Structures are given as C-alpha cells and as structure tokens.
C-alpha cells in the first residue's frame, strides 16, 4: 500500500526535527520509515497513524546517524592506511620518496629546529584548511557539507591531523628538537599521511560529484 504525498511529508517533517545533519541520511531514513509503514498497513491492516507510531518507535534516527558516521570514520582510517602502503609500491613510489626527502631536506637546511617544527605544523594545518575551503566553497552546488559520506571522511582526516600536531607540539616538541632523526621520521610520516589523505578525499569528492550528477 503506497503512502499519500501528505503522509510522506509528515514523515519528512518528523525527520527534519530529529537533528539529522546530512541530507543523504535524511533521505535514507525517510525511505526506511515509509517502507516500514507501508508494510505494516498492508500486512496488519492498520491506519497510517498507528503504523507511523510503531515505525518511529522502532527506528531511532539519531542512533542510525551515529552508527553511519562511526562506520565511515573507521573506513576512512583503513583507506588512508592502504593508501600509505600503496605509496611504496609501483608507480606511486615517487610520492613516498618526495615525502621522505622533504622531511630530510627540511631538517638538514634548518638553523632552528624548534621554529622549523612550529612552521611545519602551521603550514600543514593551513594547507588542510585551504583544501577544505576550496573544495566545499567552489563546489557548493554539490552540497558537500550536507553529505555524510564526504564530511565523515573530511572530519576524520582533518581532526586526526589537528589532534596529532597539537599533541606533538604539547608533549614531544622538545624531544623531537633534540633528536633530529626522530624529527625527520615524524615529518616524513606526516607528509605520507597528508598525501594519502588528499588522495582519499579527492576520490571521495569525485564519487560525490558523480552521485549528484547522475542522481
């Protein structure tokens, strides 16, 4: 039994009031609740109001959103890890070499390792922010800020980068400055992380554009 348009609008209004941040999750929840109600009305021969009450009780929008984002965060870390591994194989190995040589060169030519570390952290975070702003602003027609798939990956990459640089600065900065080899390893590793993250975000954004263009 198909629901009427006004009945679907009632469900949409309910979802809009549930603090669901992303449009794709809203659409999924609406479809899920609509299907649930239609099956109940057909199988149990009950009215829309009764079926809607049962469906809403069974489906917790907030927990579904939370679980979806959790799954996406874990998937992002896995993708970044595999990208880093891939950088050391095949035609992509030159990127790994560049990341490591950049770390070596940065420390070798530096006259002040403490200032170099501070500058490196500031530059990488600024690069991440500029990349985030450019992708979301100049491609706003695709509504990337309202897509859970894109934003969960973006948040995972940028939050982990921000936390790691902040913790390093607070807890290990002095030790790294006194141990140049460790500092080179840190900067090279972070460079690899950045390259892998940009590749993941770029692939994610291309999927988002493709999905929106052909939806």
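Some values worked out for this structure:
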{"quantity": "Filter result for residue 148 (closer than 30 Å to residue 104 by Cβ, within 18 Å of the chain's Cα centre (by Cα) and in contact (Cβ under 8 Å) with a residue 12 or more places away in the chain)", "calculated": "no"}
{"quantity": "Residue 125 surrounded by fewer than 16 Cβ atoms within 10 Å (Cβ to Cβ) and without any contact (Cβ under 8 Å) to a residue 12 or more places away in the chain", "calculated": "no"}
{"quantity": "So residue 177, is it in contact with a helix residue (DSSP H, G or I) (Cβ under 7 Å, 6 or more places away or on another chain), within 22 Å of residue 71 (Cβ to Cβ) and either modelled with pLDDT of 90 or more or part of a helix (DSSP H, G or I) (or both)", "calculated": "no"}
{"quantity": "Selection from segment 130-140 of residues that are surrounded by 12 or more Cβ atoms within 10 Å (Cβ to Cβ) and assigned to a helix (DSSP H, G or I)", "calculated": "131, 132, 135, 136"}
{"quantity": "Check on residue 165, farther than 17 Å from residue 70 by Cβ, assigned to a helix (DSSP H, G or I), touching a residue at least 24 places away in the same chain (Cβ under 8 Å) and assigned by TED's automatic domain parsing to the domain that holds residue 127", "calculated": "yes"}
{"quantity": "Per-region count, segment 32-45, residues exposed (fewer than 15 other Cβ atoms within 10 Å of the Cβ) and more than 14 Å from residue 12 (Cα to Cα)", "calculated": "5"}
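So that you can scan it fast, the table gives a plain yes or no per residue for (1) more than 28 Å from residue 184 (Cα to Cα); (2) assigned to a helix (DSSP H, G or I); (3) in contact with a strand residue (DSSP E or B) (Cβ under 9 Å, 6 or more places away or on another chain); (4) assigned by TED's automatic domain parsing to the domain that holds residue 180:
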position: 51; (1), (2), (3), (4): yes, yes, no, no
position: 71; (1), (2), (3), (4): yes, yes, no, yes
position: 80; (1), (2), (3), (4): no, yes, no, yes
position: 85; (1), (2), (3), (4): no, yes, no, yes
position: 101; (1), (2), (3), (4): no, yes, no, yes
position: 107; (1), (2), (3), (4): no, yes, no, yes
position: 114; (1), (2), (3), (4): no, yes, no, yes
position: 120; (1), (2), (3), (4): no, yes, no, yes
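The values are calculated or read from the model by the stated rules, or taken from the named source; none is laboratory data. Source: prediction; values computed, not measured. Positions of Cβ are backbone-derived with ideal geometry, glycine not excepted, and every protein chain shown enters the neighbour counts.
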